[in-house]
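The values are calculated or read from the model by the stated rules, or taken from the named source; none is laboratory data. None of these values were measured; they are calculated from a predicted model. Cβ: placed from backbone, ideal geometry, glycine included. Neighbour counts: every protein chain shown. Keep in mind that these areas ignore ligands, DNA and RNA; they rest on the heavy atoms of the full protein, side chains included. Shrake-Rupley method; radii C 1.70, N 1.55, O 1.52, S 1.80 Å.
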Amino acid sequence: MSYPTIDLTGTWQLRQTTEKKSIPAQIPGDNYSALLENEVIPDPYFAENEALVQWVADEDWTYERSFTVPKDLLAAKAVILNFDSVDTVAKLFLNDKEVASMDDQFKRYRFDVKAFLKAGANKIRLDFRAARKAGEDVEKTLIAKPPHQGWYCSVPTLNLIRKTQCSAGWDWGISLPSTGMTGKVYLEGVDQVTLEHLYDVQVHKKNSCDVTFFAELNPIESAPIGSKVTVEFAFNGEKKKATGVVPRVGNIVVSAKFTVKNPELWFPNGFGEQPLYPVQVTCDGQVITQQIGLKDLKVVNEKDEIGFSMVFQVNGVKIFAKGADWIPCDAMPQRHTPERYEQLLTSVVAANMNMVRVWGGGKFEEDAFYETCDRLGILVWHDNMFACAIYPDQPHFLQNVYDEIVYQIKRLRHHACIGLWCGDNELIGSVNSAGDNRKLRDEWLVLYDRLNQTVSRAVTAADDTHIFWPSSPCAGPNNFSDNWTADADGDMHYWAVWHGGATFNEYYKVKPRFCSEFGFQSFSSIQTVRTFADKKDYNVFCPVFDRHQKCGLPANSKIVGMFGNYFRLPNTFEGILYLSQIQQGLAIKTGVEYWHSLRPRCMGTIFWQLNDNWPVASWSSLEYSGRWKSLHYMAKRFYAPVQAVAYRTQAENPMEMFFISDLAKKVEATITATLIKSDDGKKVVEKKFIVKADRMGSISLDIPDFYHDEKARKGLATNECFLQIKVSAKDEDGKKYDYSDVVYLNTWKAYDLPEAKVAIESVKKTATGEYQLTISTDKPAHFAWLAVENDPDAVFQDNAMLLLPGKTTIALKTAKAYTEAQLKKELSIVHLRQTY
């Protein structure tokens, strides 16, 4: 029988638990969003307002609302109240009677509340304990007390409760430890079971794929033992029924097998299409609908002559993973919307990426995130939600951990985008932070081992179709080696350049198998700065900029200080912002190009980080608004599927050049390396290469040593010329690929760059809805940077680019509608020489 479902999302009332006055609040949503919408607090993202809203985290909060229950709902044998996510420690009341307690943001809670309901008007209330108080409550009960969460976290005991770890601040994040609910909240009537999960196992064969679906059911308390439950599966044009029996203890799992002939396989971005097959299961009036991709994925972690490999292999193709680390897209969870996911993830594929790593200090994302990754072909390296800390071994805490992971992985494992499950982020490093204190290290190691064993058991119980990678970084399953400095095994986090203060050449000193974290900071663009700072605060060392720098006060000095190694100091505030982003892009470009050329030794680079959760100086390639930084445009080039790179690993070493193809197809390419005078843009010498590649890989090319050979430079000094590399390629199917980049033979400060006169000559709207910009310059303009003032979604065909004398045409995509005159007024362009 089918019963009405009562949707409890929408408008609730929010108040401090000790107060009577309330304000409207949206669910899904959080208390900071509600307080801001009702003008109780100022915008925490503006200026130094973060300090003015910290009182919110110290208060207990209550959400409540009324709702109507129809009589026919109470005819069901059980009425289930569902919460997808409650953040975090709360007591539930219905009609002023206590129902249950909740204390894990990552668990789904379902309660049979029929006994608490009545026909007609009802009231629901959740009393939330402040995260700081909840953590302190737990700490008082512990025998082995872990150290507090990092210095950047405003709630020191946040590692003692199961809540988004970065919500109280990180070294890029604002402190807004929110309270609220996300996902679905509803009442539903059932007679036998709740439909908990739907997941599948695929067996790939030649020209076919066997897909077995598993439906997991939880019998209600009154369901008779031995009674039968019917489940219907619908997939690929077929329907099948299966019967389960209510056991004495535990859940019911029923399955149905389907065979897909000549399956359309799902591939990551750049390697094929992303077809998705709908599947639906129904039982006891409940429905789960999914879309799955058919793929055969393995993570190859094998012993070789170097150490232990790390390679993602999809449908037999070994993928070079190209991507960035994902953090929660906003500090206010109410803003985690499908539109926001679409904006950011579309930019991922536009930059030729095929992977994101969901970082362990964040959250299990909303359904729309994974659905978008499925559709766009983005593989997801998925951490479990532990980061940079030691966690307690309290039995209740570990049981929560086990339950949350089993739930989340069963919820998510069907998604085609899932690549692996990782145990945590950098917890081994936290253990090692005990240093020479052997007693303390041993105690922390025991705590870590108990947690990691729990995580391992939960992942294995929930999904045996994806590899469990115990930690990041590490060498692989059951191999907890030091992967901060060792580069022969598994994945590596390499922070010698930013945290260690080394120059970009330090990237040439390691040869990782897979680098899943490395990064360099930049400031936000002037367009973003205008959203959080008044003009009087346009100084990167003022208090407002200190507030919007979470990596400690020396961090802004690190950005500016690194200029001295490579650039002349900008003479304007806007110039400093611009140059910081150029510098950031060049830092990551240095590492990625070198490591990419080492394939197959190195088979993946995921830089830190993709996005911001508020406007801040950080390692991101996308600003909080979604605006592309220079790094993201450079990533589009250094992650291109076909490219050529040139570098020298040490000052005394000769130039090396490599042709790189990430295509699983034969490719024929023409590579043109042109030495160009830096003052007038005239060609000095040109060398062409014809390359035929039968497979993806890296091919060494015989390039003159332009760094050291003055004859090859035709007598020019290294600061009087630069090398432009262009690639024109075609694969076996006739698809064409073009690539262009520049190699400088000296530091940029060593060049006497010409004062180029650059102008946007015209703006034309094309029949496709794009805009075509014609740009002119009389002399070479380096790192020319285009921006649309009030349009963070505007994406240019290229940017941070070299403009040679003459006219260049650049395409612009944006969802905004402009007249040609309006857009021209909004456009600006700057280049390196203009900054000093």
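Can you tell me which residue among Phe545, Phe520, Phe541 is of a type in the set (A, V, I, L, M, F, W, C), in a loop (DSSP other than H, G, I, E, B) and buried (at least 17 other Cβ atoms within 10 Å of the Cβ)?
The match here is Phe520.
Within segment 631-654, is even one residue assigned to a helix (DSSP H, G or I) and aromatic (Phe, Trp, Tyr)?
yes
Which of the residues belonging to segment 311-348 are farther than 30 Å from Lys550 by Cβ and of a type in the set (A, V, I, L, M)?
Scanning segment 311-348 gives Val311, Val314, Val317, Ile319.
Here is a yes/no grid of residues against (1) open to solvent by 10 Å² or more (accessible area, probe 1.4 Å); (2) in contact with a helix residue (DSSP H, G or I) (Cβ under 7 Å, 6 or more places away or on another chain); (3) outside any loop (DSSP other than H, G, I, E, B); (4) in contact (Cβ under 8 Å) with a residue 12 or more places away in the chain:
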residue: Gly362; (1), (2), (3), (4): no, yes, no, yes
residue: Glu365; (1), (2), (3), (4): no, no, no, yes
residue: Val406; (1), (2), (3), (4): yes, yes, yes, yes
residue: Ile409; (1), (2), (3), (4): no, yes, yes, yes
residue: Gly419; (1), (2), (3), (4): no, no, yes, yes
residue: Val446; (1), (2), (3), (4): yes, no, yes, yes
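Tell me, which residue of segment 708-742 that is acidic (Asp, Glu) and closer than 20 Å to Asp680 by Cβ is least open to solvent (accessible area, probe 1.4 Å)?
Filtering segment 708-742 for residues that are acidic (Asp, Glu) and closer than 20 Å to Asp680 by Cβ, the one least open to solvent (accessible area, probe 1.4 Å) comes out as Glu720.
Pairs needed: first member in segment 670-696, acidic (Asp, Glu); second member anywhere, surrounded by fewer than 14 Cβ atoms within 10 Å (Cβ to Cβ); C-beta distance under 8 Å; at least 6 residues apart or different chains.
Asp679/Asp752
For residues in segment 376-396 being over 19 Å from the mean Cα position of the chain (by Cα) and open to solvent by 10 Å² or more (accessible area, probe 1.4 Å), which is nearest to Gln313 (Cα to Cα)?
Asp393
Out of Phe67, Phe83, Phe128, Phe116, report the one residue that is free of Cβ contacts under 8 Å to residues at least 24 places away in the same chain and either aromatic (Phe, Trp, Tyr) or over 26 Å from Ala458 (Cα atoms) (or both).
Phe116
Somewhere in segment 645-660, is a residue open to solvent by less than 30 Å² (accessible area, probe 1.4 Å), touching a Lys or Arg at 6+ places or on another chain (Cβ under 9 Å), more than 21 Å from Phe607 (Cβ to Cβ) and touching a residue at least 24 places away in the same chain (Cβ under 8 Å)?
yes
Does Ser625 satisfy the condition of being within 18 Å of the chain's Cα centre (by Cα) and of a type outside the set (Val, Ile, Thr)?
Spelling it out, Ser625 is indeed within 18 Å of the chain's Cα centre (by Cα) and of a type outside the set (Val, Ile, Thr).
Taking the options Asp702, Asp733, Asp679, Asp709, name whichever one is out of contact with any Leu (no Cβ under 9 Å at 6 or more places or on another chain) and over 30 Å from Val311 (Cα atoms).
Asp709
Scan segment 421-443 for residues that are of a type in the set (A, V, I, L, M, F, W, C) and not in a loop (DSSP other than H, G, I, E, B) and jot them down.
Trp421, Cys422, Leu427, Ile428, Val431, Leu440
Please tell me if Ser678 is more than 35 Å from the chain's Cα centre (by Cα), open to solvent by less than 30 Å² (accessible area, probe 1.4 Å) and under 25 Å from Pro805 (Cα atoms).
yes
Can you run down the residue pairs with Cβ atoms below 8 Å, 6 or more apart or on separate chains, where the first is in segment 245-270 and within 19 Å of Leu198 (Cα to Cα) and the partner is assigned to a loop (DSSP other than H, G, I, E, B) and open to solvent by less than 30 Å² (accessible area, probe 1.4 Å)?
Sorted first by the residue in segment 245-270, then by its partner, the pairs are Val245/Ser227; Val246/Ala223; Val246/Ser227; Ile252/Val246.
Looking at segment 29-66, which of its residues are small (Gly, Ala, Ser) and either touching a helix residue (DSSP H, G or I) at 6+ places or on another chain (Cβ under 7 Å) or open to solvent by 40 Å² or more (accessible area, probe 1.4 Å) (or both)?
Gly29, Ser33, Ala47, Ala51, Ala57, Ser66, listed by residue number.
Name the single residue that is surrounded by the fewest Cβ atoms within 10 Å (Cβ to Cβ) among those in segment 73-126 being of a type in the set (Asp, Glu) and within 25 Å of Lys363 (Cα to Cα).
Only one residue tops the list, namely Asp84.
Across segment 473-485, what is the total count of residues that are of a type outside the set (Phe, Trp, Tyr), touching a residue at least 40 places away in the same chain (Cβ under 8 Å) and either part of a loop (DSSP other than H, G, I, E, B) or open to solvent by 10 Å² or more (accessible area, probe 1.4 Å) (or both)?
Qualifying residue count for the region: 6.
Can you name every one of the strands (runs of 3 or more DSSP E) wholly within segment 748-835 that holds 3 or more residues which are open to solvent by 30 Å² or more (accessible area, probe 1.4 Å)?
By residue number, 758-765, 806-813, 827-830.
From the list Ser625, Ser597, Ser618, which residue is at pLDDT 95 or above and touching a helix residue (DSSP H, G or I) at 6+ places or on another chain (Cβ under 9 Å)?
One residue alone meets the criteria, Ser625.
Can you pull out the residues in segment 248-266 that are farther than 17 Å from His414 by Cβ and open to solvent by less than 40 Å² (accessible area, probe 1.4 Å)?
Passing the criteria: only Ile252.
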